[in-house]
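The values are calculated or read from the model by the stated rules, or taken from the named source; none is laboratory data. Only a predicted model underlies this, so the values are computations on that prediction, with no experimental measurement involved. A quick note on method: Cβ atoms are made from the backbone with ideal geometry, for glycine too, and the neighbour counts reach across all protein chains shown.
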């Protein structure tokens, strides 16, 4: 499957897929300058994701305020 088609199917930004490839989380095959994912590569990515291999500690507002809800627009 072409990488751009998989990106659209999964609903992620192309830059996210680029970052995942850079980190080694997603493997692609380059054929004539176009990136593809084999069925095996897609299944391996899903297996690793479901196993929590890519999990990271939360950052940003969630890390600063714990699991509490944070008002983003001030008082209503």
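List of remarks:
- A residue that is under 25 Å from residue 1 (Cβ atoms), surrounded by fewer than 10 Cβ atoms within 10 Å (Cβ to Cβ) and either modelled with pLDDT of 95 or more or over 12 Å from the mean Cα position of the chain (by Cα) (or both) cannot be found anywhere in region 53-76.
- Residues in region 49-62 that are under 15 Å from residue 10 (Cα atoms) and not in a helix (DSSP H, G or I): 0 in all.
- Scanning region 1-34 for residues that are surrounded by 14 or more Cβ atoms within 10 Å (Cβ to Cβ) and either touching a strand residue (DSSP E or B) at 6+ places or on another chain (Cβ under 7 Å) or in a loop (DSSP other than H, G, I, E, B) (or both) yields 3, 25, 26, 27, 28.
- As a summary of the residue check, residue 46 satisfies the conditions (1) part of a helix (DSSP H, G or I); (2) in contact with a helix residue (DSSP H, G or I) (Cβ under 9 Å, 6 or more places away or on another chain); (3) without any contact (Cβ under 8 Å) to a residue 24 or more places away in the chain except for the one numbered (2).
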